[in-house]
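**Q** The structure under discussion is supplied below as C-alpha cells; questions concerning it will follow.
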Amino acid sequence: MSVKLNALTLVIILALSAVLIIIAYDVNSRQVDTYYKEMTAHDARTVASFLDGDWIDGFVDTIQSEEYQKLRAKAVEAKDEEMIRQYLIQNGWYEGFETVRDILGQYRDRLGVAYVYTVTLEGDDSFTIIDPDENLFYIGTFVPLPPEFHDLKKGQAIEPTVSVTDYGWLCSAYDIIQTSKGGYAALVGVDIDMTEVMNEREAFLKRMIISSGGLLVISILASFLLMHKVVIDPLKMLSDATRGFTEHDHGFKKEDIISLPITANDEIGDLYQVIRTMQGKIVEYLDNLTSVTAEKERIGAELSIATQIQADMLPRIFPPFPSRHDFDIYATMTPAKEVGGDFYDFFLIDDDHLGLVMADVSGKGVPAALFMVIAKTLIKNRTMMGTGPAEVLRHVNEQLCEGNEAELFVTVWLAIVELSTGKGLAANAGHEHPVIRHADGQFELVVYRHSPAVAVMEGMRFKEHSFELKPGDSLFVYTDGVTESTNADNELFGTDRLLEALNRNPDASPAELLTQVKAAIDSFVSEAPQFDDITMMCVQYNGAEVKT
Amino acid sequence: MLNITKNLDHKTLTVALEGRLDTTTAPQLEAELKSDIADVTLLIMDFEKLDYISSAGLRVLLSAQKIMNKQGAMKIIHVSDAINEIFEVTGFSDILNIE
C-alpha cells in the first residue's frame, strides 16, 4: 500500500517538475532572445543612421564592377592586398572606405558587439561591402546565404535571428542604409555574441535540473519519513494491537483494550480513540451477555428441576399395587415445554376404597405448578380422611381461595370407588367429561352438568353423584391437553377422535389404551408444537372375585 | 388469533371478542381489560364471534367477574351453543351472568 502510494507520488512529482523546468526554460529563453534581438536591431539602426548612404551606393557600384572584380581576383591570387588599396586610392574611394571602416570599428567597440559590417543582397548571395574585422580581400566577395534568406528583396525588413555559426552563438540584425533620396543603398549587419548567454542558459538548465532534482529527492524522503512517522507507523501499531485484541482465547477483558502512545489530535488519534471506545463497548456488551446467559441458564436449570419435581410427585410405578388384581390402572402425563399444571393421582384410601383424581390448573409456568402441588396435596389428604368427593372439594376450595392473588383455579374430577362392589361416588368441578366403557361395549362420554372449578369462589358447594362399575368396565379420564391437541390447520383433536382411538381396540389393557390414544394424538398433530400437558388415566375394574 | 373491539360509553364498556380465547390469547384480553376496567360499572362481553374458550380464557373471565362484582356488574351476551356448553360443563354458568 505505502510503496504503491510512494511510487505514484514520485512519478507525479517528477512529471510536474519536468513540465515546470521546461516552461521556465522556454520562457526565460524567449525573453532573453527577444531582448537580444531588440538590442541588436537597435544597434543596427543606430549604425545605419550614421552611414552615408549615397557614398555606399556608389562604392557598391564600384566594387561590383567587372574591373574591380577582376582586380580583386588577381590580388587574391597574388595574395597582394596592396593592389586593392591602390585601386581604391586611384579611384578616390579609399578615404571614404577608411571612414566607414572606422565608424563601424568604433561602433563595434563602443557597443560591445561582436561584428558590425555592411553587406548587400545579390541573388542568393550576400555581397560583402565593408567589414572592419576582415582584410581588403573581402571587399566585394560573394558569400552564399542560407536558404531562408533566398527570397529576400532589397529594401525588405529582415527579422533578427539567433543562430549558431562558425563564430559561435550569434544574434544577428540588419538595417537598411538609405540614400539621401530614401532609397536602398545597402545593409548594416550587427552580430552580438551570444555564446556566453547560451552557456549561461545551459548552466541555468543544469542548475535547475540538479536543484529541483535534489529538492525532489529530499522532499520525497522527508514526506516518506513523515508519512511513516505520522501515518503508517501508528496505523501499523494500531492494526497489530487490534489484532492482538481479537487473537486470544480467554474472552474479552478490560485489560485487553489497546493502549498505545498515540496522542496526536488528528485522524489517527481519532481512529485510535474510536477503536478504544468500540473495544470498551465490546467488552461491556460481552460481560453483559455472559451474565445474562448465565442467569438464563440458571433459570432454565431451575425450571427443569421444577418440572422434574412436579413429574416425580405423580405415581409413576406400574403396576402400583402388584398384589391386587381386582382393578388395573395406568396413567401418563406428557408435559409440554413449559412447566404446567396437569396432574393425576390414585391411591388406596383403605383396603376397599380407591381414590382417583384427574385435575388441570388454569395457566402455565411456575405459578400453575406451585398451585398444582398445593391442590394435589390438599385433595389427597382430605380424601384420605374418608370424606366424600363433594366435601373434599368444598374443603379444598376454601383452602385454595385463601390468598389466591393470581386468581388461579383448578378443574378436578375426583372419584372414590368401593372396590368390593364397584360402586362409586364422583364429583366433577369443571373438568372434562369422563369416558366409560361397560364390558363388551364401546367407550362413551358421560355428559352431565358439572360444578364450577375449584378455587373460583369462596363458599361454594359441589355436587356429587354415584355410579357403578361392573366387572370388565373401564373408566378413562383426561385433561384438555388431549382434546385440545391442535394440528397445523388449527383443528382440535376433540372427543370424537378420542372415542374413536379408544374404540379401535376397546379390550386392550389400560396401558395399551393410553399408548393407543397417544399414538392417535401424535399422528393427528404431526409436526405442530404441543402447547399443553397431555394427561390421561384409565382404570379397568375386574370385580371383587379376582381380588387375590 | 383474537380480535378485541372495545367500546366505552359513559361507564359501560362493551368488549367484543372474535376468534379464539385460549392460552396464547388470554394474556392479551387480560391486559386490555386491566387498562380500561377501572371506572367501569357495567362490563358487557360480546361473544357473538368467539369460536372457542379454554381454561385460560375462563380464568380471565373469572378475574373480570370478581372485579366487576365489587364495582358494578358484568354480563356476557350472544353466547353460542358451543361456548355455552363449555360454560355448562365447567360450572361457570353458575358464576357468570350469561344472557
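The values are calculated or read from the model by the stated rules, or taken from the named source; none is laboratory data. Note that the structure is predicted; figures quoted are calculated from it, not measured. Positions of Cβ are backbone-derived with ideal geometry, glycine not excepted, and every protein chain shown enters the neighbour counts.
**Q** Identify all residues within segment B:76-99 that are of a type in the set (D, E, K, R) and surrounded by 15 or more Cβ atoms within 10 Å (Cβ to Cβ); write none if there are none.
**A** B:Glu88, B:Asp94
**Q** At least 3 residues that are of a type in the set (Lys, Arg) and in the same structural domain as A:Lys181 (by TED's automatic domain parsing) in each: list the helices (runs of 4 or more DSSP H) lying fully within segment A:49-120 that qualify.
**A** By residue number, A:66-78, A:94-111.
**Q** Ok, one more. Give me the strands (runs of 3 or more DSSP E) completely within segment A:406-489, filtered to those with at least 1 residues that are within 30 Å of A:Lys364 (Cβ to Cβ), ordered by residue number.
**A** In segment A:406-489, the matching strands (runs of 3 or more DSSP E) lie at A:410-418, A:423-429, A:435-437, A:443-445, A:474-478.
**Q** Run A:Val373 past the list (1) assigned to a helix (DSSP H, G or I); (2) of a type in the set (Val, Ile, Thr); (3) farther than 25 Å from A:Glu405 by Cβ and report the number of the one that doesn't hold.
**A** (3)
**Q** Does A:Gly355 count as small (Gly, Ala, Ser), closer than 18 Å to A:Val477 by Cβ and either in a loop (DSSP other than H, G, I, E, B) or in contact with a Gly (Cβ under 6 Å, 6 or more places away or on another chain) (or both)?
**A** The answer is no for A:Gly355.
**Q** Here are some conditions: (1) loosely packed, with under 14 Cβ neighbours inside 10 Å; (2) not in a helix (DSSP H, G or I). A:Val27 meets all but one. Which one does it not meet?
**A** A:Val27 satisfies every listed condition except (2).
**Q** Do the conditions hold for A:Gly363, that is, is it of a type outside the set (Ser, Thr, Tyr), on the phi > 0 side of the Ramachandran plot, touching a residue at least 24 places away in the same chain (Cβ under 8 Å) and assigned by TED's automatic domain parsing to the domain that holds A:Ile534?
**A** In short, yes.
**Q** Starting from residues that are surrounded by 15 or more Cβ atoms within 10 Å (Cβ to Cβ), of a type outside the set (D, E, K, R) and modelled with pLDDT under 90, keep the ones in segment A:481-491 and report whichever is farthest from the chain's Cα centre (by Cα).
**A** Here the residue is A:Thr483.
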